[in-house]
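Here the structure is laid out as structure tokens; the discussion comes afterwards.
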Amino acid sequence: MNGEVECSVCHAKVPVPAAVSKAYDSHRSTVSSRQRALNVLLVSGDCVLAGLQPILVYMSKVDGKFKFSPISVNFLTEITKIIFAIIMLSIQARRLKVGDKPLLTVSTFMQAARNNVLLAVPAFLYAINNYLKFIMQLYFNPASVKMLSNLKVLVIAVLLKIIMRRRFSTIQWEALALLLIGISVNQLKSLPEGSSALGLPVAAGAYIYTLFFVTVPALASVYNEKALKSQFDTSIYLQNLFLYGYGAIFNFLGLVITAIIQGPSSFNILEGHSKATMFLICNNAAQGILSSFFFKYADTILKKYSSTIATIFTGVASAVLFGHTLTINFVLGISIVIISMHQYLSNQIKDEVPSSKVEMAQVHDHRVTESICVNVTDSVANEAKHRHGSDERQPLLPV
């Protein structure tokens, strides 16, 4: 509920802050140490999973190429997440108390499906982004790709401000800029002269990459957070079931289109897979599930910080497994990111008053105003009556 509310008595206009969901407002107004512990667990888990992803992608290559269809990996990932969501829904349904709303009835499912139809938007964007993750690693210089992808931090912040009406303090904007600098320092390398990508000059390829690989995942993350929080009362596993269902449909359509273009033989979704790709599918599924908890119970910016901190895990693991060298840029970049994260989290603007409390305050103020107006009216009436009665007993002119 946005805008202003006019009092019916005094006609004063009271501003009402924007709210994503009354249930979410109530949740964020009672953030406790338990919620902070959940954030720590989310960040820790995401650091491991996000850190493993590039390593598993690297291990799944054969002679620098993928022997499997990237779309098939994404499709199998969505199917894995659907199975997990169904299992968790079944467990949650068994633990319902007497009087709680059932989860697995047809009416509940259909109503939740209608209320969460917005999840189709991030599902479609994720399907595009997950495919781009594989394709871009084949054609673009990793250093230039990662530095350009850092722009999504600021894009996400701008989208959160526009779509979610999120407020950021000046120090938080500076912290986000510092995050961008820290990641760039970590990944900064000099490009060889004449470098190209997809047959295009580096500059042109950079513009195309920035347009899609920065905007698409940023939009997907923000719309995912908006969709999950706007229906905060709905079970997260039920919401995930819809999100992953839409994702599976979009990836299946991608497989069909690929089969039409390349022939029926390309429709074999298990072709070219190895143990590394199976681990990659499980890791991507776990990361996707964890991300939904970020978007519903935390926020997109914290998820981005978590993914950035995962660079530490990736760097150390790459040094141990593949003999890669940890550069001074790595140490400096990660140090800047940690300082940025501390600045951002320690200078958060306190959330506005939840909409439910605003409404209660409005009702209270409305009643108080009415009471005052009535009392004033009664006082004026009594005084007029008193004066009217006394005037009848006294002469009009003084004697």
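The values are calculated or read from the model by the stated rules, or taken from the named source; none is laboratory data. From a predicted model like this one, the values you see are computed outputs, not experimental measurements. Positions of Cβ are backbone-derived with ideal geometry, glycine not excepted, and every protein chain shown enters the neighbour counts. To get the accessible areas, we keep the full protein, side chains included, count just its heavy atoms, and leave off ligands, DNA and RNA. Shrake-Rupley method; radii C 1.70, N 1.55, O 1.52, S 1.80 Å.
Check 43, 5 and return the single one that is crowded, with 17+ Cβ neighbours inside 10 Å and either at pLDDT below 85 or of a type in the set (Asp, Glu) (or both).
Details: 5 fails: crowded, with 17+ Cβ neighbours inside 10 Å.
The conditions single out 43.
Could you tell me which residue of the stretch 162-182 is least open to solvent (accessible area, probe 1.4 Å), considering only residues that are within 19 Å of residue 346 (Cα to Cα) and of a type in the set (D, E, K, R)? Among them, the one singled out is 166.
For residue 323, are the conditions met, namely being open to solvent by 40 Å² or more (accessible area, probe 1.4 Å), small (Gly, Ala, Ser) and more than 30 Å from residue 158 (Cβ to Cβ)? Against the criterion (open to solvent by 40 Å² or more (accessible area, probe 1.4 Å), small (Gly, Ala, Ser) and more than 30 Å from residue 158 (Cβ to Cβ)), residue 323 qualifies. On inspection, residue 325 does not qualify as assigned to a helix (DSSP H, G or I), out of contact with any strand residue (DSSP E or B) (no Cβ under 7 Å at 6 or more places or on another chain), modelled with pLDDT under 80 and not acidic (Asp, Glu). Residues in the stretch 100-130 that are open to solvent by 80 Å² or more (accessible area, probe 1.4 Å) and not in a helix (DSSP H, G or I): 101, 104.
Confirm whether residue 289 is farther than 29 Å from residue 85 by Cβ and at pLDDT 85 or above.
Against the criterion (farther than 29 Å from residue 85 by Cβ and at pLDDT 85 or above), residue 289 does not qualify.
Conditions (1) among the aromatic types (Phe, Trp, Tyr); (2) closer than 27 Å to residue 154 by Cα; (3) surrounded by 18 or more Cβ atoms within 10 Å (Cβ to Cβ), marked per residue:
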site	(1), (2), (3)
247	no, yes, yes
255	no, no, yes
270	no, no, no
280	no, no, yes
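Among the listed residues 249, 236, which satisfies the condition of being closer than 20 Å to residue 38 by Cβ, of a type in the set (A, V, I, L, M, F, W, C) and in contact with a helix residue (DSSP H, G or I) (Cβ under 9 Å, 6 or more places away or on another chain)? Reasoning before the result, please.
Details: 249 fails: closer than 20 Å to residue 38 by Cβ.
The conditions single out 236.
Restricting the stretch 51-84 to residues that are in a loop (DSSP other than H, G, I, E, B) and surrounded by fewer than 19 Cβ atoms within 10 Å (Cβ to Cβ), the residue that is modelled with the highest pLDDT is 67.
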